[in-house]
Amino acid sequence: MADADGNLILPAMESILSTGLAEVEQLLSGLNEAQREAVVHPEGPLLILAGAGSGKTRVLTHRLAYLVHQGVPPDRILAITFTNRAAREMAERVERLLGERLGGLPWLSTFHAACARILRANAERVGLTANFSIYDQQDSRRLIKNLLEEEGYDPKRISESRIQQEISAAKNRLLDAAAYRSQGVEGELEEAAAAVFARYEQALLEANAVDFDDLLLHVVRLLEGAEEVRDHYMRRFLHVLVDEYQDTNPVQYRLLRLLVKDRPGSRNLAVVGDDAQSIYRFRGADVRNILEFQRDFPEAKVVKLEQNYRSTQLILEAANGVIASNRRSLEKRLWSELGEGEPVYVSGLPDDLAEAYFVVEELERYLGEGGRLSQAAVFYRTHSLSRVFEELFNRTGIPYRLVGALRFFERAEVKDVLSYLRLLVNPWDHVAFARALGAPRRGVGEATLARLQAIARERSQPAVELAGEPEVVGGFAGKPARGLREFASLYGHLAGLRAGGATVAELIETVVSASGLGEALEAEGVEGAERLENLGQLVAMARERERELGGPLPLEEFLQQTALSEGEEEPGAEGAVTLTTLHNAKGSEFPLVFIVGCEEGLIPHINSQGEEDLEEERRLFYVGLTRAMRRLYLTYAYSRYRFGRRRYDQLPSRFLGELPREVVVDPRLGGVGAGAAVPGSFAVGERVAHDLFGAGTICGFEREGVVKVRFDDGALRTLLLEHAKLRRL
DNA sequence: CGCTCGCCGTTTTTT
DNA sequence: ACGGCGAGCG
């Protein structure tokens, strides 16, 4: 359905002239006043403030379709989403709206995919060639680690991931290595980052490679540096639409400005977002982009979408109650016509396993009521929480769908195979070279590799080209030399196949069988078989893409897709519970939602305790709450297995204490509102003080009038509310 | 010089 | 429980 850039592919239609009025009417029917306003806004900047569940995707897709109906050629519309999944979903919906009426393809993709496409077309201008490699985080980390060592730093004292974060953050603020240094560098970490940054830039150029940040950054530089290129794209895109605008970072912001700011005529930038759902500050997103949109574009039309079509009232009130603790920036008032609905169920369980059992029981209850598992989702703050659920679901035979845990294209065996293909496309890619050379082990170790790469650099020749004659080139001998020759000959074989028109699937199959990777996996028993199965799946994916395309699939295109997408949805989505992180939950909705692990240290996360961090954590929690349509469970455990240790000091999240009392119920206690069970009406997660024991946190209720409190000295005490005289803090 | 086995610190979130 | 890393072997 989508090409290498993640763009929508539709059967071409020659004419869109026969637009009927009736069809436009149909496009607008079923939209409320505000939605309709946003869809038909003719020209100029448009800010759509879309509360959770207010139909923002609907507005975006309908606007896109509407523009096409108005005669805007689809391929002159740029629509940006944040994830591939969102792009795919939007493409499908636009397709459904327009049917065959679409003549040409809109650019409908993520920022990264769109930039990759622009960069391919203009690679030479930034010192790359069109066949550049895209390094994922792992590739880039490997490179950074090498450079860190070469610069004489000890990776144990200064972790390469910290350096990577630092460099990435700088790039997201539009700084290159030189600018980063001249901003002032303090302390060992920043000093190391500055040193590595400069070498990293250079190494990427030498490898004809870019990392994720570069994809955007290079395009910004391209547009800023070459007037005619900027002019080209500025004129090309008559309309630019951006989803999740609250999550854009300074680079993305600059990019958008470059495309629309000085456009002759109207600046047709339509952005959709919700500041209350901004959850990507950690990767450089700046919520000010949405807060200050009107300052940047004073002529902007502003539309607020405040009617929620997703959740029943009590769920919405719970969400509103929690988010109210944040400094509010853009006032929105969400309301729903779906009726009061059920209260929010808050449940404390003895431990993580009991929590999982609780979820299973409630799922079964739901099934008994005629619900389906595909309507249910379990959300958690960190992936590590998924394990207990996976195990229990497996044991109890509940089918589940794990979203985004270990991504397919990040699996070791898949990356191994892909590194061969990457090297085929871009022989300069030394991360790919090192990886392919060592998979499987060929008797070539660290020392040989380093020496060969030094020689290659000296000679300005790709290392893989030197590997064929190791004795001549560098006086290598013995096992390392044999290994190098073996690798070079395999590489030559693959290059020959490719030149002869072999398909991607055939190339993959050859890599697996001729490299010895397949054999090695076969020898590994059950786990190896599983990995081999993944490689089979990779072949199947290539075939499938080829079939969709109805012709040969260029290897470059396949590789780009693997670099920028998390891979196809896991099979078995039908009739399965969804397990995913809160971050991944954005953009989805489910009739039945469990948010598990609602504990201090998890949500809010232990590493997010600054004031700004806390607000972001709260927004993340808010995002989770607002996914629920009909029934919502929030669970926490008193004890949890973490980092190979059982922890007994888990506390309910403070966010639970922020839920309005009257919408909450503990399912084991029955009565609506924790308040009903409690004279004085305390809530789980709330901070209290006791005359004797001091300050503590309400952990749960044993039964009516009996409360459990974790005091700050670590003691968990069960108290009678009548006698304990707790004060709220 | 490379490889394999046992130990340690470890993980927040994603394109 | 998992990946990276060092030690000790081939």
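All but one of (1) farther than 20 Å from A:Leu582 by Cα; (2) modelled with pLDDT under 85 hold for A:Leu367; state the number of the condition that does not hold.
(2)
Out of the residues in segment A:153-172 that are in contact with a Phe, Trp or Tyr (Cβ under 9 Å, 6 or more places away or on another chain) and among the small types (Gly, Ala, Ser), state the one that is surrounded by the fewest Cβ atoms within 10 Å (Cβ to Cβ).
So, considering only residues that are in contact with a Phe, Trp or Tyr (Cβ under 9 Å, 6 or more places away or on another chain) and among the small types (Gly, Ala, Ser), the one surrounded by the fewest Cβ atoms within 10 Å (Cβ to Cβ) is A:Ser168.
Specify the residue that is modelled with the lowest pLDDT; the eligible residues are those in segment A:155-187 that are assigned to a helix (DSSP H, G or I) and away from DNA strand B (no atom under 16 Å from the Cβ).
Filtering first and then ranking leaves A:Gly187.
Residues that are within 16 Å of DNA strand C (Cβ to nearest atom), under 18 Å from A:Val251 (Cα atoms) and not aliphatic (A, V, I, L, M): does segment A:145-164 have at least one?
yes
Taking A:Phe379, is it over 22 Å from A:Phe590 (Cβ atoms) and either in contact with a Leu (Cβ under 6 Å, 6 or more places away or on another chain) or in contact (Cβ under 8 Å) with a residue 24 or more places away in the chain (or both)?
Judged against the criteria, A:Phe379 is not a match.
Just the residues that are in a helix (DSSP H, G or I), within 15 Å of DNA strand B (Cβ to nearest atom) and of a type outside the set (Phe, Trp, Tyr), please, taken from segment A:104-138.
Correct list: A:His112, A:Ala113, A:Ala114, A:Cys115, A:Ala116, A:Arg117, A:Ile118, A:Leu119, A:Gln137, A:Gln138.
Out of the residues in segment A:417-453 that are surrounded by 19 or more Cβ atoms within 10 Å (Cβ to Cβ), among the charged types (D, E, K, R) and within 14 Å of DNA strand B (Cβ to nearest atom), which is farthest from A:Phe558 (Cα to Cα)?
This residue is A:Arg442.
Which of the following residues is surrounded by fewer than 23 Cβ atoms within 10 Å (Cβ to Cβ), out of contact with any strand residue (DSSP E or B) (no Cβ under 7 Å at 6 or more places or on another chain) and within 21 Å of A:His112 (Cα to Cα): A:Glu43, A:Glu92?
None of the other options fit; the residue is A:Glu92.
Name every residue in segment A:635-661 that is under 29 Å from the mean Cα position of the chain (by Cα) and in a loop (DSSP other than H, G, I, E, B), in order of residue number.
Across segment A:635-661, the qualifying residues are A:Phe643, A:Gly644, A:Gln650, A:Leu651, A:Ser653, A:Glu658, A:Leu659.
Are there any pairs with C-beta distances below 6 angstrom linking a residue in segment A:137-163 that is small (Gly, Ala, Ser) to a residue that is modelled with pLDDT of 85 or more, with the two at least 6 apart or on different chains, and if so which?
From residues that are small (Gly, Ala, Ser), the pairs are A:Ser140/A:Asp211.
Results for (1) without any contact (Cβ under 8 Å) to a residue 24 or more places away in the chain; (2) of a type in the set (Phe, Trp, Tyr); (3) touching a strand residue (DSSP E or B) at 6+ places or on another chain (Cβ under 7 Å); (4) surrounded by fewer than 21 Cβ atoms within 10 Å (Cβ to Cβ), shown as yes or no for each residue.
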site: A:Leu174; (1), (2), (3), (4): no, no, no, yes
site: A:Glu190; (1), (2), (3), (4): no, no, no, yes
site: A:Ala198; (1), (2), (3), (4): yes, no, no, yes
site: A:Asn208; (1), (2), (3), (4): no, no, yes, no
site: A:Leu217; (1), (2), (3), (4): no, no, no, no
site: A:Leu222; (1), (2), (3), (4): no, no, no, no
site: A:Met234; (1), (2), (3), (4): no, no, no, yes
site: A:Glu244; (1), (2), (3), (4): no, no, yes, no
site: A:Pro250; (1), (2), (3), (4): no, no, no, yes
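The values are calculated or read from the model by the stated rules, or taken from the named source; none is laboratory data. Here the structure is a predicted model, which is why all the values come from computation and not from measurement. All Cβ positions, even for glycine, are placed from backbone atoms using ideal geometry, and neighbour counts span all protein chains on display.
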